[in-house]
Each structure stands twice: as C-alpha cells, then as structure tokens.
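Heads up: the structure comes next, in structure tokens.
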Amino acid sequence: MYVGGRWIDGAGRNALAVENPADESLIATIPEGVAEDADVALDAAKAAQPAWAALPAVQRADFVVKLADRVAMRAEELAQIITMEQGKPIGQARGEVGAVLGFLRYHAGNARRIEGDIVSSDNINEEIQIRRHPFGVVVALTAWNYPAALAARKLAPALVAGNTVVLLSHEVTPLSGLFLALLADEAGLPAGVFNVVTGRGPVVGRALVQSRVTSLVTMTGSTRAGKEIFATAAETLKVLRLELGGKAPFIVMDDADIDAAVEAAVAARYTNCGQICTCNERMYLHRAIAEEFLEKFVLRSARLTIGDPMTDPDLGPKVNSAEIAKIKEIVDQAVKAGAEILLPGGPLKDGAFAKGHWYSPTVLSVADNASPVMQTEVFGPVVAAMEVESFEQAVALANDTDYGLSAYVFTRDYRRLMRTPAALKFGEIYFNRANGEQFQGFHTGWGQSGLGGEDGKYGFDGYLRKQTLYLNWG
Ligand SMILES: NC(=O)C1=CN([C@@H]2O[C@H](COP(=O)(O)OP(=O)(O)OC[C@H]3O[C@@H](n4cnc5c(N)ncnc54)[C@H](O)[C@@H]3O)[C@@H](O)[C@H]2O)C=CC1
Ligand SMILES: O=C(O)[C@@H](O)[C@@H]1OC[C@H](O)[C@H]1O
C-alpha cells in the first residue's frame, strides 16, 4: 500500500492473490487491508489536505500534468499490467491508458475554471457571493473493468479541485492503482495527497466510507455495493457519487443504416469482453429489419477472435470464474424461460482454453421482456434480441428496467431522434453510434444506475462544495 508518500508492505496482514484471468497464474499478492489501514491512510490524506488546497489551482494541476507525463513515459508497462490483471486485449489496454491520460489532462485544464458567483441581494448595501471549496478528503472506490481509467477519472478532478484522495484499488485488479501511485511518487506529488490501500470492499472499503475523516465518497461499481455504501454513508451523511450498473437497450428502427447498426452493436456488446457499464445489453429490433440485422449480427459475433489477450484478439477472458458462473446462470434461466439460441457460444474449456475464464459470444432471441437476460445485467459477451412493432413499443420496453445508465438508438428519422431524449429515462444516449464517452461530456446514471455523474464541467464541479456569503456594508 502507498500511504503518506511511503510504501507499506502489509506485514502482519493476510495476503490476497492476484490472478491472471487468461491462464489463472498467480501474478502478485497484495495485503488484505483492515480498518486500521483505512484510518492511517485517511489521516495521511487529512494532514496533507490544507497545504494542498492552499496551492494555487494551476500548481495542483501542474502536479497532475507531471503524473500524466509519467503515465505517458511508462504507458506500455501500465497497459501490460492492465491486461495481465484484468484480461482485456492489449490494444484495448493501450486505449485505457489513453483514457487515463485524457482524464488527467482534461481536468488539469479545469484549474483556471474554478469560479464563483456574485448575486444581487434584496437588501440595500449587500451582495451575495457563492464560492467553491474542496470537500477535504475524498475516498475513491473503483470497479475492476477499467482499473486504471476509473481511478484517474476520480483522482484528477478531486486533486485539481483541492481535495486529497485515498483510493481503494479493487482487490481483483489492484496493480493498476498501485502502479499509478508509483508514478505519482515519481512525479513528486506531495506526501499524503494520493494514497492507495488494498483489501476487500466490505472491510477496508467500509471503514473508508464510515470514517468521519472522509468528506466525499466517489464509487464506480455494482448497484449492490452502491446500496451498501449508501447505507453505511447514511450514518455520517456523506456526500456520495455513485456510478453503478446498467442494462443498456439497443434500439434499431426500420429506417436505420443496418450495417452501421450491426457494427455499433458488436462494438458496444463485445468490447472489453462485454465488461463495460454502457455495453449493449438487450436489443429491440423493428420487425421490418430484425431478420436482416440478426443474420448479420450473428455472423459478425461468430467471427470475433478470442484468445490470449497479449496477442490482441477481439475478446480476451472474463475477469474471473465467478463472472463466468454468473453469466452461465443468466443464460440457463433465459433458455428455461423460453429464449431461443441463435449463437450458442458459452464457456470454453478445452485446448488453449483449459486454463483461464473464457466465454464465447452468445446470441439469444426472446419474446418476453421479463426474461432474465433482458432484466439482469450480464456484463459479458451475451446479448438477447426482441422484435418490436413500433418506436413507441421499443421505448416502453427499454424503459422497463430499474437501471438508467445508457441507451442506443439507430434511426434516420429526425422526429424520432428529437423525441427520444424526453422519452428514454437514461442519463447517456448514443444516437447512430457505438459506445465511448468523451472527457468533456457527463457520464451519469439515472434510477438505480447511480447518482452524481462524472466527467466534463459537471463532473469536476462535483468535487467542489459551495459556500454562500452575505456581505453587508450598510
Ligand atoms: N456506472 C459506471 O460508470 C460503471 C459501473 N460499473 C459497474 O460495476 C460492476 C462491476 O464492478 P465490481 O468491481 O464488481 O463492483 P463492486 O461493486 O464489487 O466494487 C466496486 C468498489 O466498491 C468497493 N466495495 C464493495 N463493497 C463495498 C462496501 N460494502 N463498502 C465499501 N466499499 C465497497 C469495492 O472494493 C470496489 O472498490 C458492474 O455492475 C458494472 O456495471 C462498472 C464500470 C462503470
Ligand atoms: O466505466 C465504464 O465502464 C466506462 O465508463 C468506461 O470506463 C472508462 C472508460 O473511459 C469508459 O468507457
């Protein structure tokens, strides 16, 4: 762990194994942190925060840019760490490093945009000012699907805003976060400004959320864990930013460019082996184009390459065996409930796949939106399609979910396109394109997909609290 500018070897703690999901080999062990580790890290962050906040914002941003420069210098090492611990194909891991750089550099650019307001008062000789301040100590909890990018997405705005940070690097993929700490150390970040602890969410994560030292918790992960964190945070009324699960609908209408829709549906389902919160999780296809779309989609899915992620295939392994078991269960339940199998796919266990966590692209067709595969987040290379009669039916079925993160709509009808934002209850909608947020956007989940939102000016503003001054000189 990296606390107060020093490396702590975790002596006296249990060791947690870090596995390479491609071959199940042991690549590292990390300390299984306990509540005391959380407290020590929070104290270091608290001690460092006043001096950090006192720096002009551009000087804080300079440190963040130096960190970005170190990431750029050692980009290939970080990409290989990501692939080894998480399993995404190396080309996609390089893309994740690009996202780390983007988050760091974008938010460094916000340093000169921390502003306030002067508002007219109802009283004579009085002015109202609204100021922005950092919260203090921010706790960052990340998912395993983008272990480096998700950490940078929180770290960069938090630091530029004047907060200090304690990151719990997910126990399944802890090495990327620890490597970022190493690079931050090389970049000369002052001690205690960025701290990284390891261990399990319900133990060290819970202690981080519970502590009175923590002012704000920013978490990306499952809706289940988000609810636990919400409950824990209630005791001390913490400010929360939760980026949770999704069940994105992919709507293709009769007037869509079918080939473009197929390509986007493939990218949005299978990138990172389907392990993205914005992935295409269920498809609603207008009956006039459903047959053509599915024929092409199944063909493209069947042709995707799967194998050793270091050789940069289309799909690497899933992150662990629990995830394989979870997906298999969803597919089994869906088939029991009447789903038709269009591409059997399923777990791979033989030959080159004897070791590792492999799941081949699987496509189903369903007639009932209540099917488990249309309601439960898969987070893997499995997708089901359902025929619809109209745009209105597609929207109603898409909205029939507790989630509200992202949605896809393929249509060339301008009227439909303009009606969609008010009709679909999702925080992020992709029209006529595949997934992939931009740094200046706002990644935000509605419903049980979270609260808060990240990126862009609104994401940055989330790391600043407001203070109102009534200045009377009467
Ligand atoms: N909306 C979004 O931006 C994204 C959402 N996700 C969602 O994340 C999920 C997969 O990620 P996982 O790593 O399995 O998430 P997870 O929910 O298991 O863990 C997320 C983080 O929360 C911590 N944590 C877990 N339980 C905790 C507790 N009781 N108290 C405090 N901390 C706790 C974990 O240690 C980890 O750091 C999927 O559902 C996916 O949709 C993933 C990426 C992006
Ligand atoms: O969190 C996700 O799964 C996505 O938002 C993903 O995370 C980092 C990448 O830049 C995003 O596409």
The chain - percent relative contact order, Cα under 8 Å, separation 6 or more: 19 percent
Near K247, which lysines are there with a Cα under 16 Å away, not counting those fewer than 8 places off in the same chain? K326, K425
Subtracting the Cα-Cα distance of R212 and R415 from 0.36 nm times their residue separation yields 68.0 nm
The distance between the Cα centres of region 240-312 and region 409-456, in whole Å, is 16 Å
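Quick one: dipole size for region 248-438, taken about the Cα centre, charges +1 on Lys/Arg Cβ and -1 on Asp/Glu Cβ, in debye to the nearest 20.
Details: 18 positive and 27 negative charges, 59 e Å.
Charge dipole of region 248-438: 280 debye, to the nearest 20.
What is the calculated FRET efficiency for D9 to L304, with r their C-beta to C-beta distance and R₀ = 51 Å, to the nearest 0.05?
Values: r = 42 Å, r/R0 = 0.82.
Efficiency, from the Cβ-Cβ distance: 0.75.
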Filter the cross-link list K318/K457; K66/K457; K227/K355; K46/K66 down to pairs whose alpha-carbon distance in this structure exceeds 30 Å. K318/K457; K227/K355
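By how many nm would the segment from A325 to F230 grow when fully extended, if each residue of separation counts as 0.36 nm and the alpha-carbon distance is taken off?
Numbers: separation 95, 0.36 × 95 = 34.20 nm, distance 2.75 nm.
Full extension of this stretch gives 31.5 nm more.
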Please give the calculated 222 nm ellipticity per residue for the chain, where each DSSP H segment of at least 4 residues contributes -39500 (n - 2.57) and the sum is spread over every residue; nearest 500 deg cm²/dmol? -12000 deg cm²/dmol
Take the alpha-carbon centre of region 80-142, take the same for region 213-232, and report the distance between them in whole Å. 18 Å
Tell me the label-point distance for the pair I128, Q440, using the 7 Å Cα-to-Cβ offset, in nm and rounded to one decimal. 3.1 nm
Go ahead and collect, in residue order, the members of region 359-373 whose backbone nitrogen is under 18 Å from a label point 7 Å along the Cα-Cβ direction of A396. 367-371
How far apart, in nanometres, would the label points at A191 and S120 be if each is projected 7 angstrom from Cα along the Cα-to-Cβ direction? 5.4 nm
Reciprocal of mean inverse Cα separation for region 1-143 (Kirkwood radius, Å): 18.9 Å
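If contacts are Cα pairs under 8 angstrom and at least 6 residues apart, what is the relative contact order of region 53-194 in percent?
Numbers: 218 pairs, mean separation 43.6, N = 142.
Relative contact order for region 53-194 comes out at 31 percent.
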With a 10 Å radius around each residue's Cβ, average the other Cβ atoms per peptide and rank 268-274, 127-133, 438-444, highest first. 268-274, 438-444, 127-133
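Which FRET efficiency value, to the nearest 0.05, is calculated for A367 and E36 with the Förster distance at 51 angstrom and r the Cβ-Cβ distance? Display every interim value, and only then the final one.
On the way: r = 55 Å, r/R0 = 1.07.
After rounding, the FRET efficiency stands at 0.40.
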Whole angstrom only: what separates the Cα centroid of region 148-200 from the Cα centroid of region 34-74? 8 Å
Taking 0.36 nm per residue of separation and subtracting the Cα-Cα distance, what length does fully extending E295 through T311 add? 2.9 nm
In Å and from the alpha-carbon atoms only, list the Rg and Dmax of the chain. 23.1, 84
Based on DSSP H assignment, which helices of the chain show an axial Cα extent of at least 20 Å together with a mean Kyte-Doolittle hydropathy greater than or equal to -0.5? 35-54, 57-73, 90-108, 321-336
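Work through the residues other than K154 whose Cβ is under 11 Å from its Cβ and net out their charges, Lys, Arg +1 and Asp, Glu -1.
On the way: positive: R153, R241; negative: E243, E454, D455.
Summing Lys/Arg as +1 and Asp/Glu as -1 gives -1.
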Any idea how far apart A288 and E77 come out in nm if each label point goes 7 Å out from Cα toward Cβ? 5.7 nm
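Where a number appears in this text, it was derived from the coordinates with a stated rule and is not lab data. Quantities reported herein were computed from a predicted structural model and do not represent experimental measurements. Here Cβ is always computed from backbone atoms with ideal geometry, including for glycine, and neighbour counts include all displayed protein chains.
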